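Undergrad: Next up is a structure, given as structure tokens.
The values are calculated or read from the model by the stated rules, or taken from the named source; none is laboratory data. These numbers were taken from a predicted model, which means no experiment stands behind them. Cβ atoms come from the backbone with ideal geometry, glycine included; neighbour counts cover every protein chain shown. Ligands, DNA and RNA are stripped out before the accessible areas are found, and what is left, the full protein with its side chains, is counted by its heavy atoms. Shrake-Rupley method; radii C 1.70, N 1.55, O 1.52, S 1.80 Å.
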Amino acid sequence: PTAAPPPATPATSASQGQLLETFDGQPSQPEPWRPSAWDVTIHSRDRETWAALEPMQAMHGADCGAPPASHAVSAYEQAVFLCRDHLMTAINAHGYAMIYLTPNRLVDFGAGEATISFDLSTLRSSQRDWVDLWITPYDDQLQLPLESWLPDVGGEPRNAIHIRMDTFNGQTIFKATLIHEFAATELPLASTDGYERVLTPDAKRRDTFELRISREHLRFGMPAYSLTWVDTALPDLGWAQGVVQFGHHSYNPTKECPDCTPNTWHWDNL
């Protein structure tokens, strides 16, 4: 279920072009994603899931029919799949499980601000199922980075920027954390408004999330809705290139919520 990430290559800059993964294709059934330029790591911590994942119903039907159609997922290779010109991640764990998607490019903000954007569905079926984004200097990268207070793997990298989906007053926000020499500092929030205030959550529609980062500033939000959760100065990071990891986490998504279910996240334009 795990594999070493491919070697990173220098990041593209404005003069060199941009990395864009559009997931084009119309398979007749959910198709496991086996990219040549990305690492796909799928991890579940419990002994009972070493051979197969806990089963769940993932969005899109067995013929890739649109949600609410669904199909059964239990094998590791089924957890990251293609349908209808976009990518899905679907994982379920009563212990802890995660998926990381890592391109073989570094983001480079040595010459100024860099932008990382991605399109993502917004429907959440559990607050204990979420997505995140890590940027880590190449020498500090971990294949499975995770906050040290969570019950799995080895904690945060030595240095990193972490953007994490969270909940405030029952709505969805994102928070940012700076990790420096293993010490994690949560960055100030510019807004505590959940995206539910500006949109109706939808599994079929994918909205754009954008991170703008330099050595001394970070901004993250949804520009199309004028929604910004973090917009803050940084102490000079001391590094200007980083490995980019898109994550999906499952931590007992039905706990304390009988109607909750593990979620399927729909991604595009990474």
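Undergrad: What Kirkwood hydrodynamic radius do you get for segment 86-212 when you take the inverse of the mean 1/r over all pairs of distinct Cα atoms, in Å?
TA: Over segment 86-212, the inverse of the mean reciprocal pair distance is 16.1 Å.
Undergrad: Mind checking the per residue accessible area of segment 87-160 for me, 1.4 Å probe, whole number of Å²?
TA: Accessible surface, normalised per residue, equals 32 Å².
Undergrad: Okay, moving on. For segment 160-206, compute the orientation-averaged projected area of the C-alpha convex hull (one quarter of its surface), in nm².
TA: Computing the convex hull of the Cα atoms and averaging its projections yields 4.2 nm².
Undergrad: Could I ask something else about it? Does the chain come out rounded, prolate or oblate by the C-alpha gyration tensor, with a ≥ b ≥ c the root eigenvalues, rounded set by a/c under 1.5 and, if not, prolate when a/b is larger than b/c and oblate if not?
TA: In terms of gyration-tensor shape, rounded.
Undergrad: If amide H atoms are built 1.01 Å from N in the plane of the peptide, which residues on other chains or at least 5 residues away come under 5 Å of the amide H of ALA190?
TA: VAL230, ASP231
Undergrad: Related question: Which whole-Hz couplings ³J(HN,Hα) result when phi for each residue of segment 177-185 is put into the Karplus expression 6.51 cos²θ - 1.76 cosθ + 1.60, θ = phi - 60°, listed in order with x for Gly and Pro?
TA: Going residue by residue, I get 10, 9, 10, 10, 6, 6, 9, 9, 10 Hz, with x marking Gly and Pro.
Undergrad: Counting only protein chains, not ligands or nucleic acids, how are ASP202, ASP152 ordered by accessible area (probe 1.4 Å), most first?
TA: Ranked list, largest accessible area first: ASP202, ASP152.
Undergrad: Okay, next question. Expressed as a whole percentage, what fraction of the accessible surface of segment 106-163 belongs to carbon and sulfur atoms when a 1.4 Å probe is rolled over the protein heavy atoms?
TA: 45
Undergrad: Can you tell me which of 168-181, 122-135 comes out highest on packing, and rank the rest after it, using the mean Cβ neighbours within 10 Å?
TA: The packing order, highest mean first, is 122-135, 168-181.
Undergrad: For segment 90-132, what D do you get in µm² per second when you plug the Kirkwood radius from alpha-carbon pairs into Stokes-Einstein at 10 °C and 1.306 mPa s?
TA: It diffuses with D of about 116 µm²/s by this estimate.
Undergrad: State the Kirkwood hydrodynamic radius of segment 214-259 in Å, one decimal place, computed from all pairs of distinct Cα atoms.
TA: It works out to 14.2 Å.
Undergrad: First measure r as the distance between the Cβ atoms of HIS217 and SER36, then evaluate 1/(1 + (r/R0)^6) with R0 = 25 Å and state the FRET efficiency to the nearest 0.05.
TA: Plugging the Cβ-Cβ distance into 1/(1 + (r/R0)^6) gives 0.15.
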